[in-house]
1. Of all residues in segment 93-139, count the ones that are open to solvent by 90 Å² or more (accessible area, probe 1.4 Å) and of a type in the set (Val, Ile, Thr).
2. Does residue 180 satisfy the condition of being surrounded by fewer than 13 Cβ atoms within 10 Å (Cβ to Cβ) and free of Cβ contacts under 8 Å to residues at least 12 places away in the same chain?
3. Filter segment 140-161 for residues that are in contact (Cβ under 8 Å) with a residue 24 or more places away in the chain and open to solvent by less than 20 Å² (accessible area, probe 1.4 Å); which is nearest to residue 178 (Cα to Cα)?
4. Inspect all residues belonging to segment 2-12 and state whether any of them is open to solvent by 90 Å² or more (accessible area, probe 1.4 Å) and modelled with pLDDT under 70.
5. Say whether the condition of being of a type outside the set (Ser, Thr, Tyr), part of a strand (DSSP E or B) and either in contact (Cβ under 8 Å) with a residue 60 or more places away in the chain or surrounded by 12 or more Cβ atoms within 10 Å (Cβ to Cβ) (or both) is met by at least one residue in segment 194-204.
6. For segment 179-195, indicate whether the set of residues that are at pLDDT below 95 and either of a type in the set (D, E, K, R) or on the phi < 0 side of the Ramachandran plot (or both) is non-empty.
7. Going by what's in this entry, would residue 117 be described as in contact with a Pro (Cβ under 8 Å, 6 or more places away or on another chain) and in contact (Cβ under 8 Å) with a residue 24 or more places away in the chain?
Amino acid sequence: MNRRALSKTVGMVVIVIVVVGIAGVLFAVTSTPTQQVAPSPKPEPASAPKPEQPPAPAPAPAPVAPQPPQPVAPPPPPPAPVAPPPPPPAPAPAPVPQPAPQPAPAPQPAPAPAPAPAVLSGTVTVVLKDQEFSGGTITVKKGTKIIFQHRDTSLGGGDPGIHNVVEKTGKFKSVDMGFGQDWEYAFNNVGVFEYFCEPHPFMTGKITVVE
């Protein structure tokens, strides 16, 4: 064997050894699990806003075939009216006490008519005493003479004690009479004569003259 063939054989042996070594290394590497790190995502560039597109028109609805009318059920009858409950009975009124019957008052006798005034005639006396005309209101017949007599002892305290007889319309007037004096007058005319005493005007009287 020459040198050239020997070197060729050695080279082939070296190549085989290298290949076997590389294969062992690769087998070791592939048989050991390795933790792989996921690459971080790259930020995507912001995209420009797209212009809004107008919505597409809705498709026209398909024509619907008319449905035959459905029979309508009649409304239910209204409920029968309910009679209102009868009102409660009114309470019985409380008994009203009746007053005890009173005896009917005895009928009062009708007042007796006032007797007609006596009609005097002839000569009649009217006495002036106790500061009044005693018997001074009388009815007399036409032509009657009346005598006025001063018999008043009640005057005093500076009273002069004078009386007189004066008709209100001036038909007659007596003289001033002191105690014990008289004055007479004949009533010859029919009528009513009211008179008084001038010194004592509260002393009054009335003479009615009839036919």
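1. 2
2. So residue 180 fails the test.
3. If we take residues in segment 140-161 being in contact (Cβ under 8 Å) with a residue 24 or more places away in the chain and open to solvent by less than 20 Å² (accessible area, probe 1.4 Å), then 150 is nearest to residue 178 (Cα to Cα).
4. Among the residues of segment 2-12, at least one is open to solvent by 90 Å² or more (accessible area, probe 1.4 Å) and modelled with pLDDT under 70, which makes the answer yes.
5. yes
6. Yes: one or more hits.
7. So residue 117 does not fit the description; no.
The values are calculated or read from the model by the stated rules, or taken from the named source; none is laboratory data. From a predicted model like this one, the values you see are computed outputs, not experimental measurements. We place every Cβ from the backbone using ideal geometry, glycine too, and count neighbours over all the protein chains shown. Accessible surface is based on the protein model in full, side chains and every heavy atom, while ligands, DNA and RNA are left aside. Shrake-Rupley method; radii C 1.70, N 1.55, O 1.52, S 1.80 Å.
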